[in-house]
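The values are calculated or read from the model by the stated rules, or taken from the named source; none is laboratory data. Computed from a predicted model, the values in this text were never measured in an experiment. Virtual Cβ from ideal backbone geometry, glycine too; neighbours counted across all protein chains shown.
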Amino acid sequence: MATKHWVTAALRNLDETLTPLPHEINELDWKTQLSVHKDRLAEHLMAFGNHPNGGTLVFGIDDDGAPVGVDADTIARVTNTLANLGRDALEPPLAIDHGVVDYRGVAVLLVHVPEQPTKPVHRRGKSIEEAWIRSGGTTRKASRQEVGGMLMNSSAPRWEELRASPLIDLEEVQRLLDLDAIAGLLQRPLPGDPEDLSHWLAAEGVTVPDGRGHYITNFGAVAAARKLEDFPDLERKRIRVIRYRGTNKVETIDELPGRRGYAVGFEGLIGHLRKVLPHSEVIQQSLRTEVSMYPELALRELIANALIHQDFTVTGAGPMVEIYDDRIEVTSPGTLLPGKKPDRLIGTTPESRNEKLASSFRRYRICEERGTGFQKIVRTIELFGLPPLVLAPQENAFRVTIGAPRKFTDMSMTERIEACYQHAALQYLSSQTLTNTTLRGRFKLNEKQRNQVTNLISDAVGAGRIKRKDLGAGKKFAEYVPYWA
C-alpha cells in the first residue's frame, strides 16, 4: 500500500519534536486525546489551514512526549469531530485527511490539515480577523497585519476545484464516476486497495478527501460522470448534438443530449458523429470507399476545444454541435479570454480558463494543449477542400463553423480572402510563405488559373489580411505573410 506523502513528513516532524527533548514546532501538534473544548480545536484547524503547507495533529502522545496510542473508538470520535468542525465551524470550510500508523510499537492517529488556497481561514459568521495561526510551536490569534499578509497570499479556488457532490463514501464515488474509463485513458490499472484508490483520486483532482469520505470535485464530475444528471449543477453542461434539415433551424431531425462526463464520453460522441454525418463515395485502389465530408481530426480538435475552454460560470448553457446541410457549428459558452483575437487563434499560445481540464485532456490524449489545435484544423480543412474556418464571437459564447466542401468558384469573396489569410498564417507557422503556387494548391486550382489567384492575393493585401514579405521581389514570385507577422 502506498504511503501518503504527508504521512512521511508528519512522522519525520514527530521524531523531530520528541528528540532529544519534547518541544513544539509549527507544522505539528501532538496530544493524548481529543479536547472537550471545540472552540480550541477549531483554532488549531484554522491555524494549520493558514500555515504554509498545512500541518498535522497527532493523537496518542502524552504530555511528556511518550507514545501511548489510541483505540478504535478514539479514532472514530476524533476524525468525526474534526471533520464536522472543518466543515461547519470554519470559513472557507476545509477538509481533513487522516491515517493510523504504528509509531514505536503503538497505534497513533495522524490528522492532516492541508494549507487552504483561500485565506485567512476564520470562524464562520465572524470577521476575517477571527483567524488563528501557528507561531513558535503554538496556536495564537493572528494580528491585523498577519491577516493582511494572508489575504495577499490568498487565491480563490478554481471552478474545477469546487465540490459537485455532498460528502459520500468511496463506494458511492465509484458508482457515480467511471473510474475504470479514466484509468484506461491514462493507460494504467485502477488501484485496487481502497486507501491507494483514495490517494489516487485526490492526486488526480477527482475528489477532495475528508475524514469520513470524499467530495467529488466539479472536475471529477464533468470529466468522469457516468450520468451528468446525477450532479444537478452540471446537468445543463451536457453537450448537445442537434441535426437540422436544410440550412436553418426551422426543422429539427433529431437531438442527442450527452449523458456522460466529457472525458469518458468523448469517443462515444465522435462515434455518433461518424454515423450521422454525410459521406461521399470515392474509389481507392479499385475499391469503392465511403469518406466523411468533414475531417474527423478537425471535429475532434474543435469539440475538445469547446469542452475545455468553455466558461462554466455561464449558467443555463452548455456546448453544442449543430449539423446543417451545408455546415457544422460548434458553440461554446463564454467569450474569448481578454486579449485574445479570433483570427489569432491559429498558432496562438495555449491558455485556458480551465487549466485542470485542459492538462488532464492532454494526459488522456484527447488534445495536445500545445497551441497546435487550430493549425491542425486549418491544415485538415485545406486538404479536404473545405471553405475557411469561421471564428465568430457571440454575445456570451464563441462559435466555430466548418463549411461543407465547395469549389473555389462557389466561394464568396469574403470566404476566399479569409481562406487566403488562414493559408498565409499556416504557411508562416510552418516557416514558409504564401505564394501564388501554394495558394493554387490550397484551392485545388491549375496553372491556367494563376491570374485569378493573383487577383485574390491583391484583394487580400488590400483588405489588410496579408502583406508582402519582400517588397523588392518581382510580383510573379512574390511571397506573402499574415498581416501580424
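When the residues of segment 129-148 are filtered to those that are in a loop (DSSP other than H, G, I, E, B) and under 19 Å from GLY54 (Cβ atoms), which remaining residue is nearest to the chain's Cα centre (by Cα)? Only one residue tops the list, namely ALA142. Take the residues in segment 359-371 that are in contact with a helix residue (DSSP H, G or I) (Cβ under 9 Å, 6 or more places away or on another chain) and under 28 Å from ALA485 (Cα atoms); name whichever of them is modelled with the highest pLDDT. Per the stated criteria, the residue is CYS367.
The rows are residues; the columns are (1) polar (S, T, N, Q); (2) closer than 20 Å to ARG344 by Cα.
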site: GLU395; (1), (2): no, yes
site: ALA419; (1), (2): no, yes
site: ALA424; (1), (2): no, yes
site: LEU429; (1), (2): no, yes
site: ARG450; (1), (2): no, no
site: THR454; (1), (2): yes, no
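Do we find that LYS444 is in contact (Cβ under 8 Å) with a residue 40 or more places away in the chain, within 24 Å of PRO278 (Cα to Cα) and either out of contact with any His (no Cβ under 6 Å at 6 or more places or on another chain) or not assigned by TED's automatic domain parsing to the domain that holds TYR483 (or both) in this structure? Considered against the rule, which asks whether it is in contact (Cβ under 8 Å) with a residue 40 or more places away in the chain, within 24 Å of PRO278 (Cα to Cα) and either out of contact with any His (no Cβ under 6 Å at 6 or more places or on another chain) or not assigned by TED's automatic domain parsing to the domain that holds TYR483 (or both), LYS444 comes out as yes. Annotation note: Cβ proximity below 7 Å between a residue of segment 385-414 that is over 27 Å from THR335 (Cβ atoms) and a residue that is at pLDDT 90 or above and of a type in the set (Lys, Arg) (sequence gap 6+ or interchain) occurs for GLY385/LYS444; ALA404/ARG327. Taking each residue of segment 13-34 that is over 13 Å from THR56 (Cα atoms) and looking for partners that are among the basic types (Lys, Arg) with beta-carbon atoms closer than 8 Å, six or more apart or interchain, yields LEU34/ARG77. A single entry from ASP102, ASP88 fulfils the requirement of being of a type outside the set (Gly, Ala, Ser), free of Cβ contacts under 8 Å to residues at least 24 places away in the same chain and out of contact with any helix residue (DSSP H, G or I) (no Cβ under 9 Å at 6 or more places or on another chain): ASP102.
If you go through segment 313-367 and pick out every residue that is under 19 Å from ARG238 (Cβ atoms) and polar (S, T, N, Q), you end up with 6.
Scanning segment 312-332 for residues that are over 30 Å from MET411 (Cβ atoms) and buried (at least 19 other Cβ atoms within 10 Å of the Cβ), we see that the one that is farthest from the chain's Cα centre (by Cα) is GLY318.
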